[in-house]
Amino acid sequence: EGGLEEDQRGAFVKLSFILFLCRSFSESSDKGWFRSLFVHKVDARKDAHSNLLSKKETSNLYKIQFHNIKPECLEAYNTLEAEVQKRLHQDQDYPCEVVGSWNTWYGEQDQAVHIWRYRGGYPALTECLTKLNNNKEYLEFRKERAKMLISRRNQLLLEFSFWNEPLPRPGPNIYEMRTYYLKPGTMIEWGNHWARAIKYRQENNEAVGGFFSQIGDLYVVHHLWAYENLQSREDTRNTAWQKEGWDANVYYTVPLIRSMESRIMIPTKSSPLQ
């Protein structure tokens with residue numbers, strides 16, 4: 001029994017000494033190694049992520065539209081939309097241009113996707129909308145289009161600084177839009193990883209554009225890719241996994257995602273991205 005009591009006293013002394021050291025380290029400085037294990041330090045941002053991640057040399061604003069169309073109206077819708085896009089492009093008085101237009105092939109069916117660019121940012125968007133709302137011909141177009149739609153939604157986007165600016169390209173191509181719904185507060189981390197990873201996905205000229213939302217659904221990222229066909233898509237994506245560093249990007253970005261989806265899209269005849 002005496003030996004047991006001695007062991008207990010010894011253990012108590014050791015525990016007291018450890019607690020004393022821990023308290024001394026944690027109280028000596030807010031930067032103490034022990035305290036740092038338990039205290040979460042917030043990395044204060046000096047600017048909004050939209051300013052940190054978007055291109056400084058341009059003031060482009062993008063709008064993406066998702067139109068769900070009555071199945072029997074899809075062909076008529078495409079014809080009507082193409083005519084309006086053509087007229088807007090020919091009229092230099094409107095500071096907007098269509099980047100690309102598609103119909104969804106795999107994903108949500110009977111859907112049209114459009115991406116518009118406003119060179120000049122929010123003032124250009126406001127100017128364009130004001131002029132369109134005073135354009136009787138455009139208002140008639142909207143009434144006619146409304147008869148063909150089931151629903152529609154849109155988002156305002158900025159482009160990532162490390163992605164290509166989406167420019168017209170010849171076809172034929174299929175396009176994949178991969179949409180990522182991120183956890184709030186993770187956009188900076190996402191951008192940091194992809195700024196390094198994009199180099200693994202540019203050798204075949206498949207990277208078209210990368211965007212993140214500003215208005216609409218927030219913390220949403222859209223990556224747009226072009227491929228010759230579905231087999232080319234599979235081969236290109238498999239090749240990326242053979243490159244050292246790509247696996248690390250996937251490993252670190254997957255935990256940032258709440259959900260994701262993929263659309264395979266076919267460009268319309270009027271789309272600058274073919």
Label-point separation in nm, Glu165 to Tyr251, each point 7 Å along Cα→Cβ: 3.7 nm
What's the local net charge at Leu256, with K and R +1, D and E -1, over the other residues with C-beta under 15 Å away? +3
Spin-label point model (7 Å from Cα, Cβ direction): what's the Arg142 to Ala195 distance in nm? 3.9 nm
Computed over the range 60-267, Cα set: Rg, Dmax in Å: 17.8, 57
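May I ask you to compute the full-extension gain from Glu203 to Lys131, defined as 0.36 nm times their residue separation minus their alpha-carbon distance, rounded to one decimal in nm?
Stretched fully, the Glu203-Lys131 segment lengthens by 21.8 nm.
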Could you tell me the distance between the Cα centroids of the range 75-93 and the range 147-219, to the nearest Å? 24 Å
Report the residues of the range 115-156 in range of a label on Arg87: point 7 Å along Cα→C-beta, backbone N strictly under 18 Å from it. 128-148
Accessible area per residue of the range 60-267 at 1.4 Å probe, in Å²? 49 Å²
Counting only protein heavy atoms and leaving out ligands, DNA and RNA, the solvent-accessible surface of Asp217 at a 1.4 Å probe, in Å² to the nearest 10, equals 80 Å²
For the range 60-267, give the percent of accessible area contributed by carbon and sulfur heavy atoms, probe 1.4 Å, rounded to a whole number. 51 percent
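The values are calculated or read from the model by the stated rules, or taken from the named source; none is laboratory data. Only a predicted model underlies this, so the values are computations on that prediction, with no experimental measurement involved. Virtual Cβ from ideal backbone geometry, glycine too; neighbours counted across all protein chains shown. The area values use the complete protein model at the heavy-atom level, side chains included, leaving out ligands, DNA and RNA. Shrake-Rupley method; radii C 1.70, N 1.55, O 1.52, S 1.80 Å.
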